[in-house]
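Q: Let me begin by handing over the structure; questions about it come next.
Just so it is clear, none of the values below were taken in a lab; they were calculated from the coordinates. Predicted model only: the values in this text are computed from it and were never measured. Cβ coordinates were reconstructed from backbone atoms using ideal geometry, including for glycine residues, and neighbour counts include every protein chain displayed.
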2 protein chains.
Amino acid sequence: MPEPIRFDAWACPLPLRDSPTIVMGHGGGGRLSGDLLEHLFLPAFRNEALEARGDAAVVGVPAGRLAFATDAHVVRPLFFPGGSIGELAVNGTVNDLAMAGARPLHLSASFILEEGLALDRLAAIVERMAGAARRAGVAIVTGDTKVVERGHGDGCYITTSGIGVVPDGRSVGPERARAGDAVLVSGTIGDHGVAILSVREGLEFESAIESDTAPLTDLVERLFAASVDVRTLRDPTRGGLAATLVELAERSGLGVVLDEGAIPVRPEVRGACELLGLDPLMIANEGKLVAIVPEDQAEPALEAMRGSAIGRQAVRIGTVVAEHPGTVVMKTGIGGRRVVTLPLGEQLPRIC
Amino acid sequence: MPEPIRFDAWACPLPLRDSPTIVMGHGGGGRLSGDLLEHLFLPAFRNEALEARGDAAVVGVPAGRLAFATDAHVVRPLFFPGGSIGELAVNGTVNDLAMAGARPLHLSASFILEEGLALDRLAAIVERMAGAARRAGVAIVTGDTKVVERGHGDGCYITTSGIGVVPDGRSVGPERARAGDAVLVSGTIGDHGVAILSVREGLEFESAIESDTAPLTDLVERLFAASVDVRTLRDPTRGGLAATLVELAERSGLGVVLDEGAIPVRPEVRGACELLGLDPLMIANEGKLVAIVPEDQAEPALEAMRGSAIGRQAVRIGTVVAEHPGTVVMKTGIGGRRVVTLPLGEQLPRIC
């Protein structure tokens, strides 16, 4: 579990040079940029490649297939129940790599800071990134920082990119799905989006709803270790389970039938969605995966995922079918059927 | 030479869905995000890895050392004489890789767009990225797009990351510099910064000053092909030649003596700097490199660089010395000496 860090408890670790906040010069490539590197980024991320301070990090890799991913993070607010932009930025890219069947190795981090951002707030974000990287087993080996004027940013935007090794024999993708395959999800959906919304809108729920931000690497490794012939992996982030499954159906040329009653949603998330008129199927998740596996391997796959703390509630939620190619159909609780559509945009902007 | 592209000549290639501008939904992961991918990014960047549309691109790499770099780009304005944020974003990361001695292979591109950005403006930026990638011989294989509300961005911020292969036997870094080594620069300095400044401040110069944005890969390959024992490579971007050389001196534990009269500055750049009270040594370049090479290989190295269109004006500008470690000293035109210092911030913010 992530250790709780309160950013207000932080003593600012930087020589202040007259300012406890980010100034334009922190992005200028001179002494102030050097301060950030020496006193903030290096101590937090410490590793050999980063400490070489080159324009690029040089790392060793085995021959073979490499996964390469990037994700921009603009979540608002920067801190929320269960996490911050720091954990999201690390886990987002780690999970993009894991969904390609890769073992994530190295991350880059690029910061676009807004003039006036408090340095202790930045320090808290960076420390949370470092913690998330440790938990995911990756190193942040290279980075960049730019500063924009007040009113041209929102505190802190972070783009991470990552590389990971795809072990021989692993091949995942929508084109590998077959009619009859089982559709699995690793746990409850909607937690991240509702956690963000609750703090953004100042809503109070009976029990706190926390973001599920987490690295999915352990779940993926358990699936492959159990010799499951994993056809496809996706993490249902922006656009939620709906966008992920519609995209899978469209890309595979097959249909998907979902069992509404089987889809795990925490009661407080369901309640919040009803209150706010939101569809849990369209809400972002940041620590869940959808796996398509052969019908007869559904049970071993679920067992494998349930062995991990973040996969305890893994369940089967549907089936890949040859009928209605490109379309996702949901069997509803009262015996009806409805077509699940891809949202046009997003119910909740700036969710990650 | 980059073909001139006028963004106002562009017909918007997107199904508009009622809007010729970026709306929040373009960052939502639904149909509108899909539109951008299908109708803008894929046609411009077209390659197999990107077209697989996975969360991560999967690419083959040989065993060995890989360079990995990232750069955020927040330049203002987005278009300027000689280039745009698009060329900068590609060349910036390509050059970070080249400065590690690597051959750049693959890039990622992450866009943070501001609500209200004209789609034809984005299309022009993307097309210029595609052109720059072709010229640099790299493929943009993966990406991400987020949208922030009006007043929380500045049209378009782009972070690119890249990977490249470091061929066996190449080893560059400040620790390889030796007293007596020659300090070379591949051409005139200050062009990029003054080009940006001229358009930002609405200044008119007698002849247009253009950004030097260009990939440095050809220069680097020519140096190694000429069997030069390249000790160190750096591109003097933010903070200019001053920041690059002071950092080299500090990291190598050696001193540098520069010959002011030898440093190539275009007369119109020199004139603009005098007018504005700027020091050309501290102004950003986006298509120049500094190479440290053994004394007796200075001439072959210069000849190698001069064989490339962007290296015609390559010259020796100084010497690495054992005296005054960590310090750069400039011999001035009138026979004096002054210490070159690292700027605190940047004379020109948002330069790249």
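Q: Could you work out how far apart the two model spin labels at residue B:207 and residue A:334 are, taking each label as a point 7 Å from the Cα in the direction of the beta carbon, and quote it in nm?
A: Label-label distance for residue B:207 and residue A:334, simple model: 7.9 nm.
Q: Now for a different question. Using the reciprocal of the averaged 1/r over all distinct C-alpha pairs, how large is the Kirkwood radius of chain B in Å?
A: Numbers: mean 1/r = 0.0474 Å⁻¹.
It works out to 21.1 Å.
Q: I've got another one for you. Treating only the Cβ atoms of Lys and Arg (+1) and Asp and Glu (-1) as charged, compute the dipole magnitude of the stretch A:159-214 about its Cα centre; round to the nearest 20 debye. Before the final figure, lay out each step's value.
A: Values: 4 positive and 9 negative charges, 79 e Å.
Using only the charged Cβ atoms, the result is roughly 380 debye.
Q: Suppose we keep just the DSSP beta bridges with both residues in the stretch A:7-166; what percent of those would be antiparallel, to 5? Walk me through the numbers on the way to the answer.
A: On the way: 22 of 31 bridges.
Percentage antiparallel, nearest 5: 70.
Q: Can you give the mean number of other chain Cβ atoms that lie within 10 Å of the Cβ atoms in peptide A:335-347? Please report the intermediate quantities before stating the final value.
A: Details: counts 0, 0, 0, 0, 0, 0, 2, 6, 7, 10, 13, 10, 2.
Across A:335-347, the average partner-chain Cβ count within 10 Å equals 4.
Q: Calculated from DSSP H runs of 4 or more alone, at -39500 (n - 2.57) each and per residue, what is the 222 nm mean residue ellipticity of chain B, nearest 500?
A: Details: 10 runs with 97 residues, N = 352.
When only DSSP H runs of four or more count, the value is -8000 deg cm²/dmol.
Q: Once the other residues with Cβ under 13 Å from the Cβ of residue B:279 are scored (Lys, Arg +1; Asp, Glu -1), what is the net sum?
A: Here the charged neighbours net out to -1.
Q: Cα gyration tensor of the stretch A:234-352, axes a ≥ b ≥ c as square roots of the eigenvalues: rounded (a/c below 1.5), prolate (a/b > b/c) or oblate?
A: Rounded, because the longest to shortest axis ratio a/c is under 1.5.
Q: Right, another one. Any idea what the relative contact order of the stretch B:174-340 is, in percent, if you count C-alpha pairs under 8 Å spaced at least 6 apart? Write down the numbers at each step before the final one.
A: Values: 376 pairs, mean separation 71.2, N = 167.
Relative contact order comes out at 43 percent.
Q: If you don't mind, there's one more thing I want to ask. Count, for each residue of B:321-333, the Cβ atoms from other chains sitting within 10 Å of its Cβ, then give me the mean as a whole number. Provide the component values of the computation, followed by the final result.
A: Details: counts 0, 0, 0, 0, 0, 0, 0, 0, 0, 0, 0, 0, 0.
That works out to 0 on average.
Q: In whole Å, largest first, what are the principal axis extents of the Cα atoms in the protein assembly as shown?
A: Ordered largest first, the protein assembly as shown gives principal extents of 91, 53, 46 Å.
Q: Still on this structure, please answer the following. Per-residue Cβ counts within 10 Å, from other chains only, averaged over A:161-174: what number is that? Provide the component values of the computation, followed by the final result.
A: Details: counts 16, 4, 9, 2, 1, 4, 0, 0, 0, 1, 1, 2, 4, 3.
Average neighbour count from other chains, rounded to a whole number: 3.
Q: Between residue A:42 and residue A:295, take the C-beta separation as r, use R0 = 35 Å, and let me know the FRET efficiency to the nearest 0.05.
A: Details: r = 51 Å, r/R0 = 1.45.
Once the sixth-power term is evaluated, E becomes 0.10.
Q: Out of the GluC sites (Glu not before Pro) in the stretch A:292-324, which ones are loop residues according to DSSP with at most 12 other C-beta atoms within 10 Å? Mind showing how you got there, number by number?
A: On the way: sites: A:295, A:303, A:323; in loops: A:323.
Sites meeting the loop and neighbour criteria: A:323.
Q: Among the lysines, which have Cα under 26 Å from the Cα of residue B:146 when same-chain residues fewer than 8 positions away are ignored?
A: Within the straight-line cut-off, residue B:146 pairs with A:146, A:288.
Q: Using only the Cα atoms of the stretch A:234-280, each taken as one equal point scatterer with no solvent, compute I(q) by the Debye sum, divide by I(0), and report log10 of the ratio at q = 0.16, 0.23, 0.26, 0.31 Å⁻¹.
A: Debye output, listed in q order: -0.54, -0.94, -1.06, -1.17.
Q: Taking the Cα centre of the stretch A:174-340 as origin, work out the dipole magnitude from +1 charges on Lys and Arg Cβ and -1 charges on Asp and Glu Cβ, in debye rounded to 20. Before the final figure, lay out the partial values.
A: Numbers: 17 positive and 25 negative charges, 61 e Å.
So the dipole magnitude of the stretch A:174-340 works out to roughly 300 debye.
Q: Send over the Kirkwood Rh of the stretch A:202-242, from the inverse of the averaged 1/r over different Cα pairs, rounded to one decimal Å. Provide the component values of the computation, followed by the final result.
A: Numbers: mean 1/r = 0.0753 Å⁻¹.
Answer for the stretch A:202-242: a Kirkwood hydrodynamic radius of 13.3 Å.
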